[in-house]
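To start, the structure under review is shown below, and the notes come after it.
What follows draws every value from the coordinates through simple rules; no lab data is involved. This structure is a prediction, so every number in the text was calculated from the model and none was measured. Reconstructed Cβ throughout: ideal geometry from the backbone, glycine too, with neighbour counts over all protein chains shown.
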Amino acid sequence: MMQTPPTLTTRTTAAGLAVPRTRFAGAAMMAGAAVFAAAGYFAGEPSGTAAYTVSNVAGLIAIACVLVGFGGFRRRYRTLLGRLGAWGIGLVRFGLLATVLGYLVNLVGPLLPGQAAAAVAVVGIPAWSLAHLMYVGATVLGIACLRSGAVPRLVGVPLVCGLPLLLAGVGLGLAVGGTAATVITWIATEGQAGLAWFLVGLQLSRRAAN
């Protein structure tokens, strides 16, 4: 009776474990992307309201799911995307972690007394500023995806549009003003990020299924 070499058994086991991990990462990313986009739409609600609290808590959960997704995406595609892709994913992750800090400031700040709340609010300024690095990273990652052909263009193009759409949309929102500005700004930020991440998660799920 022939025995399977230990090295072959180890590789087979690792490959078998990689499929459910990739599938889970894809599903987590799709769910996180959808929740992040929805939470962002209600982020402008007044502080202290139920909608404000729910949007920030949902945002934290969504970011956790998206980070899991990007971890799976990195494991699956890091050799194909090269250094440029690694930089892109790194910037996205940094922006996401800054967003986590921003959400925590939003939740904790209103619960603190006056001076402490003001001090925490100051921390939120650089946190939300650095959060925009996720859009810079998305564009860098998208360029790496298109250059390598590692993923379909339907996935790479929305990533590339991350930073340009952010700059154009926010500028247009400021110029338009009013209720329309809220919608335009959301499309240029959480809306487009949620769509791009959802497509990344879908790609991961499809690769796991194949």
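Per-structure values
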read-out	value
Helix-only CD estimate at 222 nm, as mean residue ellipticity for the chain, using -39500 (n - 2.57) per DSSP H run (n ≥ 4)	-29500 deg cm²/dmol
With Cα atoms, 0 to 90° folded angle of helix 114-130 axis to the chain main axis	50 degrees
Extreme residue, positive dipole direction of the stretch 21-209, given options GLY40, LEU204, ALA175 (C-beta unit charges)	LEU204
Dipole magnitude of the chain about its Cα centre (Cβ charges: Lys, Arg +1; Asp, Glu -1), debye to nearest 20	1060 debye
Rounded to 10°, Cα long-axis angle of helix 162-176 versus longest principal axis of the chain	20 degrees
